[in-house]
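*Asks:* Once you've had a glance at the structure underneath, I'll fire off some questions.
No value in this document is a laboratory result; all are computed from the given coordinates. From a predicted model like this one, the values you see are computed outputs, not experimental measurements. Cβ sites come from the backbone with ideal geometry, for glycine too, and all protein chains shown count toward neighbours.
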Amino acid sequence: MDLQHIKNTLGRPYFEIEDCLLYIGDCLNLMKKINSSFVDLTVTSPPYNIGKEYEEPMPLKNYLDWCKDWILEIHRVTKGQGAFWLNIGYLEIPEKGKAVPIPYLLWDKTPFYFIQEVIWNYGAGVAGRKFFSPRNEKLLWYVKNQENYVFNLDDIRDKNVKYPNQKKNGKLKCNPLGKNPTDVWQIPKVTSGANRSSKERMPHPAQFPIALIDRIVKVSSNPDGIVLDPFLGSGTSAIVALSNNRKFVGFEINEKYCDLAVERIKQYKSSPQPISLFEFATTAQLV
Ligand SMILES: C[S@@+](CC[C@H](N)C(=O)[O-])C[C@H]1O[C@@H](n2cnc3c(N)ncnc32)[C@H](O)[C@@H]1O
């Protein structure tokens, strides 16, 4: 399936390159115009309602209602064998909880079937004073059809096997491609700061690490499949999708961030380097 349908319904994109369309606007409005059962994989991270520069904090109930609305649209536009990966963190609920995982409030507010929660564990973050320093966020993995969904385990096996040559009854015990990477993923966060800035860092305050999204795109979609990120930010999901020969549609409400995504896509497209080695440069100011 090609992306012509998107152009027919949403009009001229803000940016277009082969197999990739980016639109500026509210993702809920934009998704409502797309045909049902169009997308193979949605991978995204929304605002967490914690006062980042790209969000207007809302009362908790309004925030959760808003999340339910766009999750419902993601479900509608997802194909029968498609998947939805939601990266989400935690928030404070006054008088109730300090670092409440948002998944506790949202996980079942969707018609999707919930496969499992993956813990993304990272080494840097805020320092807790009278509580433990948070070092994880969650990835909620949903599918539309619990019997029939894409799971390309061989494409993401963990090659770090302790005893790769161990045999049982003359047969290798471990898959030669590596082991199942488990539901705890240790992947460094994209960090900022004079001496500790990640080499993939762009001037966006909540950037996905490339390695995190690369694993998800590989395991939950097939080449030529359509990947959607309704909260595009700096465009990490776009470059990862394109580098894996997937088609991509992205929505971002803020033009400044969309420009970052465009810059990254152009840089990636102009270099033959594999995505994991890519060092992005930016003309915008780091935040
Ligand atoms: C957590 S960030 C995503 C960062 C992204 N994963 C990356 O790698 O850079 C959420 C993004 O959603 C955008 N956003 C907020 N509300 C939106 C809406 N209603 N529609 C589309 N984008 C929105 C924000 O501007 C912000 O860039």
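*Asks:* In this structure, is VAL190 within 23 Å of the chain's Cα centre (by Cα), surrounded by 17 or more Cβ atoms within 10 Å (Cβ to Cβ) and not in a loop (DSSP other than H, G, I, E, B)?
*Replies:* On the way: within 23 Å of the chain's Cα centre (by Cα): yes; surrounded by 17 or more Cβ atoms within 10 Å (Cβ to Cβ): yes; not in a loop (DSSP other than H, G, I, E, B): no.
Answer is no for this residue.
*Asks:* Considering every residue within segment 73-80, establish whether at least one is touching a residue at least 60 places away in the same chain (Cβ under 8 Å), away from the ligand (no atom under 13 Å from the Cβ) and hydrophobic (A, V, I, L, M, F, W, C).
*Replies:* yes
*Asks:* Can I ask one more? Residues to consider are VAL143, VAL184; find the one that is surrounded by 15 or more Cβ atoms within 10 Å (Cβ to Cβ) and closer than 29 Å to THR78 by Cα.
*Replies:* Working: VAL184 fails: surrounded by 15 or more Cβ atoms within 10 Å (Cβ to Cβ).
Of VAL143, VAL184, the one residue that is surrounded by 15 or more Cβ atoms within 10 Å (Cβ to Cβ) and closer than 29 Å to THR78 by Cα is VAL143.
*Asks:* Of all residues in segment 193-209 being within 14 Å of the ligand (Cβ to nearest atom) and of a type outside the set (A, V, I, L, M, F, W, C), which is surrounded by the fewest Cβ atoms within 10 Å (Cβ to Cβ)? Give the derivation first.
*Replies:* So in segment 193-209, the residues within 14 Å of the ligand (Cβ to nearest atom) come out as 198, 200-209.
Narrowing the set further to residues that are of a type outside the set (A, V, I, L, M, F, W, C) leaves 198, 200-201, 203-205, 207, 209.
Values: SER198: 16, GLU200: 21, ARG201: 19, PRO203: 16, HIS204: 25, PRO205: 13, GLN207: 22, PRO209: 21.
Checking each candidate, the answer is PRO205.
*Asks:* Can you spot a residue in segment 46-67 that is within 15 Å of PHE112 (Cβ to Cβ), out of contact with any Phe, Trp or Tyr (no Cβ under 8 Å at 6 or more places or on another chain), within 14 Å of the ligand (Cβ to nearest atom) and of a type outside the set (Lys, Arg)?
*Replies:* yes
*Asks:* Would you pick out the residues in segment 210-254 that are within 12 Å of the ligand (Cβ to nearest atom), of a type in the set (S, T, N, Q) and within 16 Å of ASN87 (Cβ to Cβ)?
*Replies:* Scanning segment 210-254 gives SER234, THR236, SER237.
*Asks:* Given (1) within 20 Å of the chain's Cα centre (by Cα); (2) free of Cβ contacts under 8 Å to residues at least 60 places away in the same chain, identify the lone condition not met by THR44.
*Replies:* (2)
*Asks:* For segment 3-46, list the strands (runs of 3 or more DSSP E) that sit wholly inside it and hold at least 2 residues that are out of contact with any strand residue (DSSP E or B) (no Cβ under 6 Å at 6 or more places or on another chain) and not small (Gly, Ala, Ser); which are they?
*Replies:* So the answer is 15-17.
*Asks:* Same structure, new question: Which residue is surrounded by the fewest Cβ atoms within 10 Å (Cβ to Cβ), if the candidates are limited to segment 78-101 and must be over 16 Å from the mean Cα position of the chain (by Cα) and among the hydrophobic types (A, V, I, L, M, F, W, C)?
*Replies:* ILE93
*Asks:* Restricting to segment 131-148, name every residue that is in contact with an Asp or Glu (Cβ under 9 Å, 6 or more places away or on another chain) and of a type in the set (D, E, K, R). First the steps, then the outcome.
*Replies:* Our first condition is that a residue be in contact with an Asp or Glu (Cβ under 9 Å, 6 or more places away or on another chain); within segment 131-148, this holds for 138-141.
Once the filter is applied, which keeps residues that are in contact with an Asp or Glu (Cβ under 9 Å, 6 or more places away or on another chain) and of a type in the set (D, E, K, R), segment 131-148 yields only LYS138.
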